[in-house]
Amino acid sequence: MKIIALFVMFLLSAQGYAQDATKDPPPSETEDITETVPANSDAANAAAPQLTVLESPFLQSDLELIVGNVQRPNGIVWFEDTIYTVCNGDWTIYKIDDRTGDTITYVFGVRNGNSIVAEATEAGFDLWVPDPDSGALWKVDQRRAAPESVQTDLEAPWGITRLDRDSFLITDTRSNSIMLVPINGAPSTVQSELRAPTGIVRDGNRVYFANGGSARRGIEFFEYAEDGSLSAVQPLVSGVQNTTNILMGADGYLYFSYALGTRGVVGRVYPPNCLVYGCSNQDVEMVVFSDIPAPLAIAVSDDLRLFLHSRFKPEFYWVQLPA
């Protein structure tokens, strides 16, 4: 066990240089990390509320296994004690019990999906899935009827987050952009010249997104005003490679999956600490250091259970995060 602990400590100290040794190419162009980011000031860190810091990252042996009956799961979302996932092998959304792994076929017709948004409604709930294989945004509700195509004019949509009641923000890895996608109306570009953007999440008036094709640009953000105006893109976290899903936890942390060598890793930052100067990979708190091949898909429940799996393999894992 001492050898394992020393090995993990070595990896943590060397994390900033691991991207040069990786064998897994990012989804788009690869950039060397050539610029450094100033460390956060003591004043900025002191202004943060009291947060729970892990003594060490969770390892593979700490993860609980859930075996669902899905052969090639991709994007996942947690909603009301259930995991929903898209299987790109049979174009099906599956419903999985988050404790037992009991699995049922939910609806057929969505070809693929790297991310899903689940929203409660008066009638039940809606699932929104950007599908890169068909270039569409699909809507599915609790009736389990055939998916409704909301938009069909997208190129390779990846991540999705709700902007307002009438529209979403969706990343597009092929056009290197973020699209404003209304439920009714034509999509438009709101940010461009990105690097294979993947995960995206809104937190108040800020929007965080990952550049899966650039370790240097890792995770960035922009702000939007009520009048619809947007700020310029600014750095949040640099030096994380092959970043895929990102999401906000109920604890105020931004969680994200990335690669360290060929391994799938989950890290987190407290965003206010990174807004002014940006954070480097040395500021990232490693949450899970797994034996699962990257890339990982992740979801977090309301009670801070972190779910993860290597996309296109049937095993799901979870771990309880401290409140």
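The values are calculated or read from the model by the stated rules, or taken from the named source; none is laboratory data. Only a predicted model underlies this, so the values are computations on that prediction, with no experimental measurement involved. Glycine also receives a Cβ, built like all others from the backbone with ideal geometry; neighbour counts cover every protein chain displayed.
Here are some notes:
- Of the set (1) farther than 20 Å from Ile76 by Cβ; (2) in contact with a helix residue (DSSP H, G or I) (Cβ under 9 Å, 6 or more places away or on another chain); (3) surrounded by fewer than 20 Cβ atoms within 10 Å (Cβ to Cβ), all apply to Val319 but (1).
- Conditions (1) over 28 Å from Val70 (Cα atoms); (2) surrounded by fewer than 22 Cβ atoms within 10 Å (Cβ to Cβ); (3) not basic (Lys, Arg); number of the one not met by Val240: (2)
- Tally, over region 57-89, of residues that are small (Gly, Ala, Ser), within 12 Å of Phe307 (Cβ to Cβ) and surrounded by fewer than 19 Cβ atoms within 10 Å (Cβ to Cβ): 0
- Residue that is surrounded by the most Cβ atoms within 10 Å (Cβ to Cβ) [pool: residues in region 122-137 that are within 19 Å of the chain's Cα centre (by Cα) and either within 14 Å of Ser167 (Cα to Cα) or aliphatic (A, V, I, L, M) (or both)]: Pro130
- Single unsatisfied condition, Leu169 versus (1) over 20 Å from the mean Cα position of the chain (by Cα); (2) closer than 30 Å to Ser229 by Cβ; (3) buried (at least 18 other Cβ atoms within 10 Å of the Cβ): (1)
- If you go through region 187-224 and keep only what is within 21 Å of Gly113 (Cα to Cα), touching a residue at least 40 places away in the same chain (Cβ under 8 Å) and out of contact with any helix residue (DSSP H, G or I) (no Cβ under 9 Å at 6 or more places or on another chain), you end up with Arg195, Ala196, Thr198, Gly199, Ile200, Val201, Arg202, Val207, Phe209, Ala210, Gly212, Gly213.
- Filtered by the rule that a residue be closer than 14 Å to Val53 by Cα and surrounded by fewer than 21 Cβ atoms within 10 Å (Cβ to Cβ), region 274-303 gives Asp283, Glu285, Met286.
- If you go through region 55-77 and pick out every residue that is of a type in the set (D, E, K, R) and part of a strand (DSSP E or B), you end up with 1.
- Considered as a group, the residues in region 260-293 that are in contact with a Ser or Thr (Cβ under 6 Å, 6 or more places away or on another chain) and among the hydrophobic types (A, V, I, L, M, F, W, C) include one that is nearest to Ser61 (Cα to Cα), and that residue is Ile292.
- Scanning region 252-305 for residues that are among the small types (Gly, Ala, Ser), assigned to a loop (DSSP other than H, G, I, E, B) and touching a Pro at 6+ places or on another chain (Cβ under 8 Å) turns up Gly252, Gly278.
- Residue in region 78-85 that is hydrophobic (A, V, I, L, M, F, W, C), in a loop (DSSP other than H, G, I, E, B), at pLDDT 50 or above and under 30 Å from Ala136 (Cα atoms) present: no
- Single unsatisfied condition, Pro147 versus (1) over 30 Å from Ile219 (Cα atoms); (2) touching a Cys at 6+ places or on another chain (Cβ under 7 Å); (3) not aliphatic (A, V, I, L, M): (2)
Rundown of residues vs (1) touching a residue at least 40 places away in the same chain (Cβ under 8 Å); (2) hydroxyl-bearing (Ser, Thr, Tyr), yes/no style:
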site	(1), (2)
Arg144	no, no
Glu148	no, no
Thr161	yes, yes
Asn176	yes, no
